[in-house]
Amino acid sequence: MTFPNPLDVREASASRQGSDRAASSAKSSSAKSPVVVEARKLSLIYPTADRPVTALSEVDLTIARGDFVSLIGPSGCGKTTLLRVIADLERPTSGHIVIEGMTPEQARLKRLYGYVFQAPALYPWRTVERNVMLPLEIMGVGRAERQARAREQLERVGLSGFERKFPWQLSGGMQQRVSIARALALQPDLLLMDEPFGALDEITRDHLNLHLTQLWRATGKTCVFVTHSIAEAVFLSTRIVVMSPRPGRILDVIDCNSLPRERTLDIRESPEFAAIAHRVREGLKEGHSYDD
Ligand code: ADP
Ligand code: MG
């Protein structure tokens, strides 16, 4: 088992290609732009031993400040790849991407985002609190502030009292909340989440969805959330991006503003919820092929 450094975003993936850093001419303004992510004609081809794999094809996407955007699509359609391009963990083969007026690399170096992985990726020999503090330690944040930030975020995700526990003493859902607290402790503008609740049972997932929507409202963060659950996408999002099977293209972008901003689980019974879920399902059906 390996333990990826959860927020080790200084060294990007070895699979990067030395192609155009599209946004290199972007201005590095410190004023907060209303557009957080702007991608134009983004394509990414992974060079593999047998044949190149086109993971993304001409993706256009704009994410506004405060949006909660879900990326939904079948397994292997390029959702993680798109998230990793935003995070500067993969470099696009072609196209442009700008994060808050900066290149993804500049945004990464300014630690504009926190990243929550599919698996919680916690270090078993560190307590919950020391896991949350780790990226801050790497950044050179002083001990008192590290601890204060860790405690604040653990409280936010409902884990006060668990600071001194070890990850293996926590349930899967609690571990994922620790990894969300760890990402939030960086005080990022942008929270990138890759199927954070994918491995959890439905009841726990419902609970965490509710928790996440409350957290999003309270913090006003811009979120990009990868899922393959239609219900989860509709419940959480202000906009849903429906992707096609590989190579990932955007088939539909659905506004969820017919749903209230403040959401409780019972909105899932509403006709508005059903209408959006139906449109997502239609989009996924349209893009589906059984060739893979
Ligand atoms: P998703 O997150 O939607 O399941 P991914 O973005 O992980 O999809 O992958 C998209 C496609 O790219 C898949 O076919 C996957 O096998 C391929 N892929 C992902 N990462 C790599 C890599 N590092 N090298 C080669 N192929 C990759
Ligand atoms: Mg994935």
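For this structure, a couple of remarks:
- Asp266 being part of a helix (DSSP H, G or I) and either surrounded by 13 or more Cβ atoms within 10 Å (Cβ to Cβ) or not small (Gly, Ala, Ser) (or both): yes
- Pairs meeting the criteria (first residue in the range 223-237 and in a loop (DSSP other than H, G, I, E, B) and away from ligand 2 (no atom under 13 Å from the Cβ), second residue at pLDDT 95 or above and small (Gly, Ala, Ser), beta carbons under 7 Å, at least 6 apart or on different chains) are Ser237/Ser70.
- Residues of the range 239-263 satisfying the condition of being touching a residue at least 40 places away in the same chain (Cβ under 8 Å) and assigned to a loop (DSSP other than H, G, I, E, B): Ser244, Pro245, Arg246, Pro247, Arg249, Arg261, Glu262, Arg263
- Scope the range 56-87; condition buried (at least 22 other Cβ atoms within 10 Å of the Cβ), more than 10 Å from ligand 2 (Cβ to nearest atom) and small (Gly, Ala, Ser); matching residues: Ser70, Ala87
- Close pairs from the range 74-86: first in contact (Cβ under 8 Å) with a residue 12 or more places away in the chain, partner near ligand 2 (Cβ under 9 Å from one of its atoms), Cβ under 7 Å, at least 6 apart: Pro74/His228; Ser75/His228; Lys79/Val226; Thr80/Asp194; Thr80/Val226; Leu83/Asp194; Leu83/Val226
- Pair list, Cβ < 7 Å and 6+ apart or interchain, from the range 100-129 residues that are touching a residue at least 60 places away in the same chain (Cβ under 8 Å) to residues that are among the β-branched types (Val, Ile, Thr) and part of a loop (DSSP other than H, G, I, E, B): Arg108/Val9; Tyr115/Val9
- Residues of the range 43-73 that are of a type in the set (Val, Ile, Thr) and without any contact (Cβ under 8 Å) to a residue 60 or more places away in the chain: Ile45, Thr48, Thr62.
- Of the residues screened, Ala119 is not one that is closer than 27 Å to Gly287 by Cα, within 16 Å of ligand 2 (Cβ to nearest atom) and not charged (D, E, K, R).
- Candidate set from the range 54-81 (those that are of a type in the set (A, V, I, L, M, F, W, C) and closer than 21 Å to Trp216 by Cα); member that is farthest from ligand 1 (Cβ to nearest atom): Ala64
- Qualifying position, being away from ligand 2 (no atom under 13 Å from the Cβ), farther than 18 Å from Gln187 by Cα and touching a helix residue (DSSP H, G or I) at 6+ places or on another chain (Cβ under 9 Å), among Thr103, Thr93: Thr103
- Filtered by the rule that a residue be among the polar types (S, T, N, Q) and in a helix (DSSP H, G or I), the range 191-222 gives Thr204, Asn209, Thr213, Gln214, Thr219.
- The residue that is surrounded by the fewest Cβ atoms within 10 Å (Cβ to Cβ), among those in the range 170-187 that are under 13 Å from Met139 (Cβ atoms) and out of contact with any Gly (no Cβ under 6 Å at 6 or more places or on another chain), is Gln187.
The values are calculated or read from the model by the stated rules, or taken from the named source; none is laboratory data. A quick note: this is a predicted structure, and the numbers were derived from the prediction, not measured. Every residue, glycine among them, receives a Cβ derived from its backbone with ideal geometry; neighbour counts consider all protein chains shown.
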